[in-house]
2 protein chains.
Amino acid sequence: MEDLINALNETLAQLDYGKKPTELYEPIRYIMDLGGKRLRPLLTLLSAKLYTPDTQPFILPALAVEVFHNFTLMHDDIMDKAPLRRGKPTVHTQWNENIAILSGDVMLVKAYSLFLHTPDVHLRKVLMLFNQCAAEVCEGQQWDMNFESCDTVSEADYIEMIRLKTAVLLGFGLALGGVLAGAPESDIELLKSMGENMGLGFQLKDDLLDVFGDAGKVGKQVGGDILANKKTFLLIEALERAVGKEKETLMYWLQAKDYLPAQKIQAVMDIYRALEVDKLAEAKIKAYFDLSYAQLDALKVSEAQKTPLREFMDWLIAREH
Amino acid sequence: MEDLINALNETLAQLDYGKKPTELYEPIRYIMDLGGKRLRPLLTLLSAKLYTPDTQPFILPALAVEVFHNFTLMHDDIMDKAPLRRGKPTVHTQWNENIAILSGDVMLVKAYSLFLHTPDVHLRKVLMLFNQCAAEVCEGQQWDMNFESCDTVSEADYIEMIRLKTAVLLGFGLALGGVLAGAPESDIELLKSMGENMGLGFQLKDDLLDVFGDAGKVGKQVGGDILANKKTFLLIEALERAVGKEKETLMYWLQAKDYLPAQKIQAVMDIYRALEVDKLAEAKIKAYFDLSYAQLDALKVSEAQKTPLREFMDWLIAREH
């Protein structure tokens, strides 16, 4: 896994997105260099490795997924008015909004350019899957923004939102590796669904870690979602389950204007624990990961070849950051 | 030509960009329905018609060019803080900036989806040409924004900016028709360059019409560029040529804060005429169109087959709106 990540980062460091005007291309280098776990292109390589030992030819299309992911981050940060990403100023803060819009646009074009490093025989399939995925990611972001002005959001609507906004790109990452490595059509469908289930578990874990994670391990202050009244799985479930005194307290904190941040975080955490929405989230996460393991089992590949992807999944489910 | 435009508009009216969330997809329908001359997809069909009589199979890829063009308009309008487009509220005014960013993003994806209606044999070539063109259009927009904060811009830099921002898409439109209809490689290169020359003439004519056009025919108040101190070809040339009293007067109007709009327009127009920058623009426009006619002559196609494209070019050069 380390080797694959190193191969991805080495090629990433050498990518030439363009030179001039510098205002257009420097922000691309900047956001790509902020780091990150490179999960999505790693999924592509691990998935290709199920079918063929040499993943070197798939690095550039795999990186298209990473460039696309960072394009969505650049534009989402504008929409969310986020000042920081990974502890550094966001592109629209470091430069300005217009530059973040336009650099993002050209990043999406560059992602498509990287997909052209796909052999003719697979090009149409790759682009069809990607176009669907990319449109769905935009739909997910729009639902997420819509939910901000909703009083309540149902669990089903929330799950569908994170499926679109986050999970389908993991599904595409896995499917891409399968397509590139010549997997049978039935496996490609399985890989896509498997990535979506992993993505759902992954996002719910994110919601959980933001509240109950270890600040030292997560690498940022916990409780941000609580302070922002963000409609995460935990809050949605808590709003649905709370009654009487607990409902009153929860509504008090959601509407409170003047408070000590640590106090609000503690109070809402206490309600989450009392309502056991943390346990509910953990059960959901496990259920989605169990589904993805079952799909891994069903792939038409020897058990030995599944080991790297299985180990990655074990790591993903156990992560504390 | 009427038939081709009707065929384009009919298919355009039936395109399904997506349904939900409505905030994401309604703005696409809205901007596409604002109208416009459909010049770019028309170029694709006219160019294909040089090589084959039936252009029906090329309508969807041709419309990809129109969808892409409108995507750039949606995002440019945010960056330029433009309240109106074709007399109607811009998307970010009618909805909001976030929706205009995200709808634009998904429009770019939809443009790529339309390009997939290209046979396998031409798909890679089409996408390579388009990716280059799309990145250049972004570069042109960034140069245009950069120029706003420059004291002076050279003629060469201005021409390069409008080449990127406007002309390369006309070049791509023509090249696309050639590729789809199986034109020889040398003709595709010629078509691309021919479209760029037409595009340069087209944009310079736009600059000219904004000042010297007939408001009734242009369909909007003339003089907008003058009031905005926009660094068009005319202003750039005037700044370079003006000396003494004329320079003083020009600088006075560029820095003036309180004035009657009509008075500023008249004064700057007078300077343009005195310096003959209008004549200079006309000569440039003619030179670029002459180049494109010469390239039309050089195409390896019978004179009779060139007639529709030639007539379109005659119309484009004579247009008064």
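The values are calculated or read from the model by the stated rules, or taken from the named source; none is laboratory data. If you're wondering where the values come from, they're calculated on a predicted model, not measured in any experiment. Don't worry about glycine lacking a Cβ; one is built from the backbone with ideal geometry, like all the others, and counts go over all protein chains shown.
Please work out if B:LEU73 is within 13 Å of chain A (Cβ to nearest Cβ), modelled with pLDDT of 95 or more and touching a strand residue (DSSP E or B) at 6+ places or on another chain (Cβ under 9 Å).
yes
Scan B:LEU46, B:LEU42 and give me the residue that is assigned to a helix (DSSP H, G or I) and in contact with a Pro (Cβ under 7 Å, 6 or more places away or on another chain). Walk me through how you get there before you give the answer.
Details: B:LEU42 fails: in contact with a Pro (Cβ under 7 Å, 6 or more places away or on another chain).
It is B:LEU46.
In this structure, does A:LEU84 turn out to be without any contact (Cβ under 8 Å) to a residue 24 or more places away in the chain, hydrophobic (A, V, I, L, M, F, W, C) and closer than 24 Å to A:ALA228 by Cβ?
Values: without any contact (Cβ under 8 Å) to a residue 24 or more places away in the chain: yes; hydrophobic (A, V, I, L, M, F, W, C): yes; closer than 24 Å to A:ALA228 by Cβ: yes.
Judged against the criteria, A:LEU84 is a match.
Only one of B:VAL65, B:VAL109 is β-branched (Val, Ile, Thr), in a helix (DSSP H, G or I) and more than 10 Å from chain A (Cβ to nearest Cβ). Can you tell me which?
Numbers: B:VAL109 fails: more than 10 Å from chain A (Cβ to nearest Cβ).
Exactly one of B:VAL65, B:VAL109 is β-branched (Val, Ile, Thr), in a helix (DSSP H, G or I) and more than 10 Å from chain A (Cβ to nearest Cβ), namely B:VAL65.
Go through region B:16-39 and report how many residues are loosely packed, with under 15 Cβ neighbours inside 10 Å, in a loop (DSSP other than H, G, I, E, B) and within 14 Å of another protein chain (Cβ to nearest Cβ).
Total satisfying the criteria: 3.
Among B:TYR25, B:TYR17, B:TYR30, which is the only one that is modelled with pLDDT of 95 or more and within 20 Å of B:LYS220 (Cβ to Cβ)?
B:TYR30
Please indicate, with yes or no, whether at least one residue in region B:141-148 is in contact with a helix residue (DSSP H, G or I) (Cβ under 6 Å, 6 or more places away or on another chain), of a type in the set (S, T, N, Q) and surrounded by 16 or more Cβ atoms within 10 Å (Cβ to Cβ).
Yes, region B:141-148 has at least one match.
For region B:190-205, indicate whether the set of residues that are modelled with pLDDT of 95 or more, assigned to a helix (DSSP H, G or I), buried (at least 23 other Cβ atoms within 10 Å of the Cβ) and of a type in the set (Asp, Glu) is non-empty.
Yes.
Mind telling me which of the residues A:THR166, A:THR249, A:THR232 ends up being among the β-branched types (Val, Ile, Thr) and more than 22 Å from the chain's Cα centre (by Cα)? I'd like the intermediate steps shown before the answer.
Details: A:THR166 fails: more than 22 Å from the chain's Cα centre (by Cα); A:THR232 fails: more than 22 Å from the chain's Cα centre (by Cα).
The conditions single out A:THR249.
Can you tell me which of B:LEU102, B:LEU42, B:LEU73, B:LEU24 is in contact with a helix residue (DSSP H, G or I) (Cβ under 8 Å, 6 or more places away or on another chain), hydrophobic (A, V, I, L, M, F, W, C) and closer than 24 Å to B:LEU190 by Cα?
B:LEU42
For residues that are without any contact (Cβ under 8 Å) to a residue 40 or more places away in the chain and under 23 Å from A:PHE147 (Cβ atoms), scanning just region A:206-220, find the one that is surrounded by the most Cβ atoms within 10 Å (Cβ to Cβ).
A:ASP210
Output the residues belonging to region A:142-189 that are assigned to a loop (DSSP other than H, G, I, E, B) and within 21 Å of A:VAL126 (Cβ to Cβ).
Within region A:142-189, A:ALA181, A:GLY182, A:ALA183, A:PRO184 qualify.
Output the qualifying pairs, or none if there are none: Cβ atoms under 6 angstrom, residues six or more apart or on different chains, first residue in region A:276-293 and farther than 13 Å from A:VAL211 by Cβ, second residue β-branched (Val, Ile, Thr).
If the second residue must be β-branched (Val, Ile, Thr), the pairs left are A:PHE289/A:ILE317.
For residues in region B:86-106 being modelled with pLDDT of 95 or more and outside any helix (DSSP H, G or I), which is farthest from the other protein chains (Cβ to nearest Cβ)?
Filtering region B:86-106 for residues that are modelled with pLDDT of 95 or more and outside any helix (DSSP H, G or I), the one farthest from the other protein chains (Cβ to nearest Cβ) comes out as B:LYS88.
In region A:269-276, is there at least one residue being of a type in the set (Phe, Trp, Tyr), within 27 Å of A:GLN141 (Cα to Cα), surrounded by fewer than 20 Cβ atoms within 10 Å (Cβ to Cβ) and within 25 Å of the chain's Cα centre (by Cα)? Let's see the steps before the verdict.
The initial filter retains those residues of region A:269-276 that are of a type in the set (Phe, Trp, Tyr), namely A:272.
Applying the additional criterion that residues be within 27 Å of A:GLN141 (Cα to Cα) yields A:272.
Checking the rest, the ones that are also surrounded by fewer than 20 Cβ atoms within 10 Å (Cβ to Cβ) come to none.
Checking region A:269-276: not a single residue is of a type in the set (Phe, Trp, Tyr), within 27 Å of A:GLN141 (Cα to Cα), surrounded by fewer than 20 Cβ atoms within 10 Å (Cβ to Cβ) and within 25 Å of the chain's Cα centre (by Cα).
If we scan region B:87-94, do we find a residue that is in contact (Cβ under 8 Å) with a residue 24 or more places away in the chain and surrounded by 22 or more Cβ atoms within 10 Å (Cβ to Cβ)? Spell out the reasoning first.
So in region B:87-94, the residues in contact (Cβ under 8 Å) with a residue 24 or more places away in the chain come out as B:87-88, B:91, B:94.
Still in the list and also surrounded by 22 or more Cβ atoms within 10 Å (Cβ to Cβ): B:91.
Scanning region B:87-94, I find at least one residue that is in contact (Cβ under 8 Å) with a residue 24 or more places away in the chain and surrounded by 22 or more Cβ atoms within 10 Å (Cβ to Cβ), so the answer is yes.
Any idea which residue in region A:235-275 is nearest to A:GLN203 (Cα to Cα), counting only those that are in contact (Cβ under 8 Å) with a residue 24 or more places away in the chain and not in a helix (DSSP H, G or I)?
Among them, the one singled out is A:LEU275.
Of the numbered conditions (1) surrounded by fewer than 16 Cβ atoms within 10 Å (Cβ to Cβ); (2) in contact with a helix residue (DSSP H, G or I) (Cβ under 7 Å, 6 or more places away or on another chain); (3) within 8 Å of another protein chain (Cβ to nearest Cβ), A:GLU155 fails exactly one; give the number of that condition.
All conditions pass for A:GLU155, except number (3).
All but one of (1) over 23 Å from A:VAL137 (Cα atoms); (2) touching a helix residue (DSSP H, G or I) at 6+ places or on another chain (Cβ under 8 Å) hold for A:ASP207; state the number of the condition that does not hold.
(1)
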